[in-house]
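In what follows, a single structure is set out as structure tokens and then discussed.
The values are calculated or read from the model by the stated rules, or taken from the named source; none is laboratory data. Quick caveat: nothing in here was measured; it's all calculated off a predicted structure. Positions of Cβ are generated from backbone atoms using ideal geometry, with glycine treated the same way; all protein chains shown enter the neighbour counts. We work out accessible area using only protein heavy atoms, side chains counted, and drop any ligands, DNA or RNA first. Shrake-Rupley method; radii C 1.70, N 1.55, O 1.52, S 1.80 Å.
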Amino acid sequence: MAEATKDRELLAQSAREVDREEPNSALFKSLFDSMTEAVIVADTRGRIVAMNPAARHVVGTATGIDPNLWPDFFDVYQADGRTPLGTEQRPIARALRGETTSDFVFVLRPREDNTKEVRLAASGYPLLDDDGRPLGGAVLLRSATDAAEQSARAKRFEAELHERVQVLDAIIRSMGDGVAVADATTRLTLFNPSAERIFGHGTTDRPPEEWSELYGVYYPDTSTRVPADELPLVRAVRGETVEDMELFIRNPRVPDGVHISVNASPLRDESRNVVG
């Protein structure tokens with residue numbers, strides 16, 4: 001807020017200096033030009049009277065183009081890039097009417113090449129003299145193109161990720177080997193069709209302490225139940241790797257029983273923390 005107030009005071013002083021030749025005019029012009037924020041100042045008639053280098057850079061105009069002639073070079077659209085933005089809706093016009101705007105997004109599209117565009121976010125406010133009389137309006141601009149590109153990239157990444165997940169899911173479901181997945185809390189999140197066929201059951205909300213009884217998990221002797229902390233999936237969630245552990249599965253849905261060999265591995269994130 002303090003920075004905005006300081007900028008407003010500086011811009012108001014710059015506007016006062018536009019029509020007055022005073023010794024400190026050069027100083028204010030230097031300060032105005034050195035501002036990192038892109039700034040455009042208009043007088044009460046809507047004529048652009050000051051524009052710092054940062055503004056020309058953000059807008060992407062050649063130095064020699066009079067900003068008052070921009071309508072001859074650009075078409076202006078609302079944030080959707082399709083709906084024309086009327087003159088009275090623009091931040092500088094609203095500032096001249098005494099309105100304040102914040103991060104108003106609009107699009108400039110060069111008429112010579114309408115495939116290119118400059119997406120900007122504008123904050124505008126009126127400029128007043130010491131007695132509260134209007135001097136004009138000012139707009140602070142920043143590029144909104146990066147944010148739009150980041151959003152587009154995020155959507156593309158999300159779509160690609162969704163597609164990969166679908167492919168992975170299809171692969172897992174079509175595998176002849178049974179695959180079971182648990183999260184970091186040892187909650188079952190996936191049993192592929194082969195695992196359901198082997199165990200006679202799919203996923204369950206019951207805790208690991210009940211899995212041996214539910215699924216009928218025994219050691220190869222076919223009579224000794226495997227305790228919860230020795231189940232391969234539970235061990236994997238603890239961070240252990242299990243290779244070729246022999247088990248016997250028998251329950252009411254698999255009455256004849258079946259001998260199986262199990263491999264289990266922890267799933268880790270980029271920081272090597274176990275996530276399942």
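What the table below lists for this structure:
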{"read-out": "Residue pairs meeting the criteria (Cβ under 6 Å; at least 6 apart or on separate chains; first closer than 18 Å to Val58 by Cα and at pLDDT 65 or above, in the range 24-42; second assigned to a strand (DSSP E or B) and not aliphatic (A, V, I, L, M))", "value": "Ala42/Gly136; Ala42/Gly137"}
{"read-out": "Some residue of the range 184-192 being part of a strand (DSSP E or B) and under 15 Å from Asn251 (Cβ atoms)", "value": "yes"}
{"read-out": "First in the range 92-105 and surrounded by 12 or more Cβ atoms within 10 Å (Cβ to Cβ), second anywhere and of a type in the set (Phe, Trp, Tyr), Cβ under 6 Å, 6 or more apart", "value": "Ala95/Tyr125; Thr100/Tyr125"}
{"read-out": "Residue match in the range 256-266 (condition: in a strand (DSSP E or B), open to solvent by 60 Å² or more (accessible area, probe 1.4 Å) and in contact (Cβ under 8 Å) with a residue 24 or more places away in the chain)", "value": "yes"}
{"read-out": "Out of Thr115, Thr44, Thr87, Thr83, sole residue that is over 12 Å from Leu140 (Cβ atoms), in contact with a Leu (Cβ under 7 Å, 6 or more places away or on another chain), among the β-branched types (Val, Ile, Thr) and open to solvent by 40 Å² or more (accessible area, probe 1.4 Å)", "value": "Thr44"}
{"read-out": "Residue tally, condition at positive phi and not charged (D, E, K, R), over the range 77-121", "value": "2"}
{"read-out": "Which listed residue, of Arg225, Arg197, Arg206, is under 23 Å from Ser174 (Cα atoms), at pLDDT 90 or above and open to solvent by 80 Å² or more (accessible area, probe 1.4 Å)", "value": "Arg197"}
{"read-out": "Residues satisfying the stated conditions in the range 124-152, i.e. open to solvent by less than 30 Å² (accessible area, probe 1.4 Å) and at pLDDT 80 or above", "value": "Gly124, Tyr125, Pro126, Leu127, Gly136, Gly137, Ala138, Val139, Leu141"}
{"read-out": "Filter result for Tyr219 (surrounded by fewer than 18 Cβ atoms within 10 Å (Cβ to Cβ), over 22 Å from Val275 (Cβ atoms) and modelled with pLDDT of 90 or more)", "value": "yes"}
{"read-out": "Output for the range 34-46, where each listed residue is within 33 Å of the chain's Cα centre (by Cα) and not in a strand (DSSP E or B)", "value": "Ser34, Met35, Thr36, Glu37"}
{"read-out": "Unique match (being open to solvent by 80 Å² or more (accessible area, probe 1.4 Å) and part of a loop (DSSP other than H, G, I, E, B)) among Glu270, Glu158", "value": "Glu270"}
{"read-out": "Matching residues, the range 197-237, being assigned to a loop (DSSP other than H, G, I, E, B), of a type in the set (S, T, N, Q) and closer than 17 Å to Gly178 by Cβ", "value": "Thr203, Thr204"}
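Residues checked against (1) at pLDDT 80 or above; (2) in a helix (DSSP H, G or I); (3) out of contact with any Pro (no Cβ under 8 Å at 6 or more places or on another chain):
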| residue | (1), (2), (3) |
| --- | --- |
| Glu99 | yes, no, no |
| Ser102 | yes, no, yes |
| Val107 | yes, no, yes |
| Thr115 | no, no, yes |
| Gln166 | no, yes, yes |
| Gly178 | yes, no, yes |
